[in-house]
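Chemist: Structure provided below as structure tokens; questions to follow.
The values are calculated or read from the model by the stated rules, or taken from the named source; none is laboratory data. What you are looking at is a predicted structure, and each value in this text was computed from that prediction instead of being measured. Using ideal geometry, Cβ is built from the backbone for each residue, glycine included, and neighbour counts are taken over all protein chains shown. Note: accessible area is taken over every heavy atom of the protein model, side chains too, but ligands, DNA and RNA are not part of it. Shrake-Rupley method; radii C 1.70, N 1.55, O 1.52, S 1.80 Å.
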Amino acid sequence: MDIFNHFISNHNENTPKFSEIFNSINELKLILNEKSYVLDHYLSMFFHLIKQMDFTYLQEKIHCLFKKYVENSLNLAEKNLKIHYHEPETNENLLILSVADYIIKQSLSDFTTEIYYHCCNEVDVIEFQETENKLINLVGKEKFETFQLMLTQYFIATSFAQFFLQVMIKELSLALTTRDIETDNEIFRLFLKNL
């Protein structure tokens, strides 16, 4: 696998074109006829949710959660692990890596809860689901799910959870690539030695 090409490529090459989505909306409106206002309402709520994907805001939230769980878990990790390098930053980074699974699990839980409530402030989730159910009843489950897939493939390039994990990986990569002054090794090398 060419990692660099994978890194910069469009992973979902089946993403519909913008015009295809709106042509599909018009097709559904024809089917719905006088009830097309239900689709308009659904789309309005959907686009309001999309507006909440402010990745700068989300990245800062994730960074804060990472720091919070690092602070909470370092004391626990220090008691269980005996890592003694001269540089305090080296020891801290090794401790972070030793509890990385815990940090990710706990902060993801907090993050998804916070994002859910953040989205609920913008859109009434129950009303959104009820509108979705009305549309399923009006146009059929298969047709509406095909439309939803098209809509999400275009407008949701990444989920909040995937974005969260990517930011967490970046945070952990900072620890992995920090260089210990004493040994002149990157932390990931020392971490491997201490496994």
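Chemist: Could you run the Karplus curve 6.51 cos²θ - 1.76 cosθ + 1.60 with θ = phi - 60° over the stretch 145-159 and give me ³J(HN,Hα) per residue in whole Hz, x for Gly and Pro?
Modeler: Couplings: 5, 5, 5, 4, 4, 4, 4, 6, 4, 7, 8, 10, 5, 8, 7 Hz.
Chemist: Another question, then. Using a cut-off of under 15 Å, list every residue of the stretch 165-195 whose amide N is near the label point 7 Å from the Cα of His86 along the Cα-to-beta-carbon line.
Modeler: 180-185
Chemist: Can you tell which of Asn14, Thr183, Leu74 lies farthest toward the positive end of the dipole of the chain, using +1 and -1 charges on the Cβ of basic and acidic side chains (Lys, Arg; Asp, Glu)?
Modeler: Checking the options against the dipole of the chain, the answer is Asn14.
Chemist: What Kirkwood radius, in Å to one decimal, follows from the Cα pairs of the stretch 90-149?
Modeler: Details: mean 1/r = 0.0673 Å⁻¹.
For the stretch 90-149, inverting the mean 1/r across all distinct Cα pairs yields 14.9 Å.
Chemist: Using Cα positions and a limit of under 20 Å, work out the aspartates and glutamates in reach of Lys143, with same-chain residues fewer than 8 apart set aside.
Modeler: The qualifying aspartates and glutamates are Glu20, Glu27, Glu34, Asp40, Glu130, Glu132.
Chemist: Enumerate the whole-percent occupancy of each 10 Å bin, from 0 to the last occupied one, for all C-alpha pair distances of the stretch 122-195.
Modeler: 16, 24, 20, 13, 14, 11, 2
Chemist: Report ³J(HN,Hα) in whole Hz for each residue of the stretch 107-115, in order, from the Karplus equation J = 6.51 cos²θ - 1.76 cosθ + 1.60 where θ = phi - 60°; Gly and Pro get x.
Modeler: Running phi through 6.51 cos²θ - 1.76 cosθ + 1.60 with θ = phi - 60° gives 6, 5, 4, 4, 5, 5, 5, 5, 5 Hz.
Chemist: Just how much of Cys64 is accessible, in Å², when a 1.4 Å probe is used and the result is rounded to the nearest 10?
Modeler: Only protein atoms counted, so the area is about 70 Å².
Chemist: Along its three principal axes, how long is the stretch 154-195 when you only count alpha carbons? Whole Å, largest extent first please.
Modeler: 48, 20, 11
Chemist: First measure r as the distance between the Cβ atoms of Lys193 and Asp124, then evaluate 1/(1 + (r/R0)^6) with R0 = 45 Å and state the FRET efficiency to the nearest 0.05. Please list the in-between numbers first.
Modeler: Numbers: r = 53 Å, r/R0 = 1.19.
It comes to 0.25.
Chemist: Right, here's the next one. Report the relative contact order of the stretch 79-195, percent, no decimals, based on alpha-carbon pairs under 8 angstrom and at least 6 residues apart. Mind showing how you got there, number by number?
Modeler: On the way: 50 pairs, mean separation 49.5, N = 117.
About 42 percent, as a whole number.
Chemist: Moving on. Ignoring everything except DSSP H segments at least 4 long, calculate the 222 nm mean residue ellipticity for the chain; use -39,500 (n - 2.57) per segment, divide by total residues, nearest 500.
Modeler: Values: 10 runs with 152 residues, N = 195.
Mean residue ellipticity at 222 nm (helix-derived): -25500 deg cm²/dmol.
Chemist: I've got another one for you. Magnitude of the Cβ-charge dipole of the chain, K/R +1 and D/E -1, about the Cα centre, nearest 20 debye?
Modeler: Details: 17 positive and 28 negative charges, 49 e Å.
Dipole about the Cα centre, nearest 20: 240 debye.
Chemist: I've got another one for you. Under 20 Å from the Cα of Lys193, which lysines turn up, not counting those fewer than eight places away in the same chain?
Modeler: Filter leaves Lys79, Lys82.
Chemist: Now a separate question. Skip the ligands, DNA and RNA, and give the accessible area per residue of the chain with a 1.4 Å probe, whole Å². Mind dumping the intermediate values first?
Modeler: Details: 12710 Å² over 195 residues.
For the chain, the per-residue accessible area is 65 Å².
Chemist: Excluding same-chain residues fewer than 8 positions from Lys51, which lysines have a Cα within less than 20 Å of its Cα?
Modeler: Those lysines meeting the cut-off are Lys17, Lys61.
Chemist: Give the relative contact order (percent, whole number) for the chain; include only Cα pairs under 8 Å separated by 6+ residues.
Modeler: Numbers: 126 pairs, mean separation 65.4, N = 195.
Relative contact order here is 34 percent.
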